[in-house]
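Engineer: What follows is a structure written as structure tokens; I'll ask about it next.
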Amino acid sequence: MKGDTNLEVSFTDLRFKVQLKDGSTLEVLKGISGQCRPGRVLAIMGSSGAGKTTLLDMLANNVYGGTQTGSVYVNGAPRQRAAFQRQSCYVLQRDVLLSSSTVREAITLSALLKLPQTMTREEKQARVDETLAELELEGCQNTLIGDDLIGIKGISGGQKRRVSVGIELVKEPGILFLDEPTSGLDSEMAVSLMTLLVRLARKGKTVVVTIHQPNSLITSKFDDFMLLADGRTVFSGAWSDALPFFGAAGYPCPA
């Protein structure tokens with residue numbers, strides 16, 4: 001799977017404000033700057049309310065309402081909405097899937113809707129095949145997605161999350177934004193998904209995730225790390241530099 005690769009997203013002084021019911025203003029992001037580099041996985045972390053999902057949404061051009069300021073660039077040029085929609089994708093925290101469709105049907109429908117009309121149906125089907133193989137979903141491609149809540153037996157939670165990724169990946173974006181992709185998964189499934197995202201990054205894609213309370217197996221998959229607190233940046237840099245940084249600041253990692 002090729003598609004767009006080597007797209008660097010840089011951002012400067014991102015701010016986001018919302019007006020509350022009492023008329024006061026809440027500043028959610030307070031001047032965030034950084035970069036998301038191709039070939040690497042950037043993890044954005046922070047406590048609830050720190051602003052990590054808002055930052056992800058602003059980077060993905062997925063924020064509506066409120067007051068936004070700051071600049072986002074792709075390979076040094078100002079982000080263009082139409083081009084960025086083609087270059088990037090956004091995977092929601094919650095899987096929104098049709099329980100009565102099979103894995104192949106879900107990804108095929110996405111391909112028919114998102115791929116250009118200049119592609120033949122055979123070319124689109126080949127793209128679906130590549131996506132299924134990339135996400136290791138070939139073995140369950142003809143299985144219903146299912147929904148335990150309504151009694152439809154289907155694929156596992158980890159496989160559902162991969163289908164959600166596949167629905168976006170089929171258009172071959174160069175930049176992947178994922179909101180808490182490991183949420184709701186057990187440790188083994190979470191590590192497996194992060195391993196997949198690392199593999200995609202190593203093929204030249206830019207991968208950005210928000211994540212909450214990861215274990216050491218998951219953090220070992222991070223290349224870059226941004227920690228937010230109260231809408232501000234506490235740390236931004238390589239994951240390998242994070243522990244020395246906090247140790248020098250008087251907050252060593254427990255042995």
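Engineer: With θ set to phi - 60° and the Karplus curve 6.51 cos²θ - 1.76 cosθ + 1.60, what are the ³J(HN,Hα) couplings of segment 201-210 in order, to the nearest whole Hz, using x for Gly and Pro?
Structural biologist: 4, 5, 8, x, 8, 9, 10, 10, 10, 9
Engineer: Shifting gears a bit: Summing -39500 (n - 2.57) over the DSSP H runs of n ≥ 4 in the chain and dividing by its residue number, what mean residue ellipticity at 222 nm do you reach, to the nearest 500 deg cm²/dmol?
Structural biologist: Per the formula, -10000 deg cm²/dmol.
Engineer: Another question about this same structure. So how many Å³ per residue does the convex hull of the Cα atoms of segment 1-73 work out to?
Structural biologist: Normalising the Cα hull of segment 1-73 by residue number yields 108 Å³.
Engineer: Once the cut-off is 12 Å, how many percent of the Cα-Cα pairs in segment 46-90 end up in the long-distance tail? Please list the in-between numbers first.
Structural biologist: Working: 657 of 990 pairs.
Summing the P(r) of segment 46-90 above 12 Å gives 66 percent of all pairs.
Engineer: Antiparallel DSSP bridges in segment 109-253: what percent, to the nearest 5?
Structural biologist: Approximately 60 percent, going by the DSSP bridge assignments.
Engineer: Which residues among segment 7-41 fall inside the zone where the amide N is under 13 Å from a point 7 Å beyond the Cα of THR69, along Cα→Cβ?
Structural biologist: It comes to 13-18, 27-32, nothing else.
Engineer: How do 126-135, 61-70, 88-97, 16-25 rank on mean C-beta neighbours within 10 Å, highest first?
Structural biologist: Top to bottom by mean Cβ count within 10 Å: 126-135, 88-97, 61-70, 16-25.
Engineer: Under Stokes-Einstein, with the Kirkwood radius over Cα pairs standing in for Rh, what whole-number D in µm²/s applies to segment 114-226 at 20 °C and 1.002 mPa s?
Structural biologist: 140 µm²/s
Engineer: Per residue of segment 150-165, what does 6.51 cos²θ - 1.76 cosθ + 1.60 with θ = phi - 60° give for ³J(HN,Hα)? Whole Hz please, x for Gly and Pro, Karplus curve as stated.
Structural biologist: Rounded to whole hertz, the list is 10, x, 9, 6, x, 7, 6, x, x, 5, 4, 5, 5, 5, 4, 5.
Engineer: By DSSP, what percent of the beta bridges with both residues in the chain are antiparallel, rounded to the nearest 5? Write down the numbers at each step before the final one.
Structural biologist: Values: 26 of 44 bridges.
In the chain, DSSP labels about 60 percent of beta bridges as antiparallel.
Engineer: Hey, another quick one. Be a star and scan segment 172-213 for residues whose amide nitrogen sits under 17 Å from the point 7 Å along the Cα-to-Cβ vector of ARG94.
Structural biologist: Answer for this model: 179-185.
Engineer: Next question. Relative to the present Cα-Cα distance, how much length would full extension add between ASP230 and LEU20 at 0.36 nm per residue of separation?
Structural biologist: 73.9 nm
Engineer: What percent of all Cα-Cα pairs in segment 131-178 falls into each 10 Å bin, going from 0 up to the bin containing the maximum distance?
Structural biologist: 25, 50, 22, 3
Engineer: Okay, moving on. Can you pull the one-decimal nm distance between simple spin-label points at ALA249 and ASN6, each 7 Å off the Cα toward Cβ?
Structural biologist: 3.5 nm
Engineer: Sticking with this structure for a sec: Using only the Cα atoms of segment 1-139, each taken as one equal point scatterer with no solvent, compute I(q) by the Debye sum, divide by I(0), and report log10 of the ratio at q = 0.15, 0.20 Å⁻¹.
Structural biologist: At q = 0.15, 0.20 Å⁻¹ the computed log10 ratios are -0.94, -1.27.
Engineer: Rounded to whole Å and sorted largest first, list the principal axis extents of the Cα atoms in segment 156-207.
Structural biologist: Largest first, segment 156-207 extends 28, 19, 15 Å along its Cα principal axes.
Engineer: Check VAL234: other-chain or 5+ apart residues with amide H under 5 Å from its amide H, H built from backbone geometry?
Structural biologist: Those qualifying (amide H under 5 Å, at least 5 residues apart or on another chain) are LEU227, LEU228, ALA229.
Engineer: With a point put 7 Å past each Cα toward its Cβ, work out how far LYS203 is from ILE152 in nm, to one decimal.
Structural biologist: For the pair LYS203/ILE152, the computed spacing is 2.8 nm.
Engineer: Output the pairs from LYS30/LYS221; LYS52/LYS124; LYS21/LYS205; LYS160/LYS221; LYS160/LYS205; LYS114/LYS153 with a Cα-Cα distance over 32 Å in this structure; if there are none, say none.
Structural biologist: LYS52/LYS124; LYS21/LYS205
Engineer: So, how do all the Cα-to-Cα distances of the chain break down into 10 Å bins, in percent, from 0 on up?
Structural biologist: Result returned by the calculation: 7, 29, 34, 22, 8, 1.
Any read-out appearing in this document is the output of simple, stated calculations on the displayed coordinates, not a laboratory observation. Only a predicted model underlies this, so the values are computations on that prediction, with no experimental measurement involved. Cβ sites come from the backbone with ideal geometry, for glycine too, and all protein chains shown count toward neighbours.
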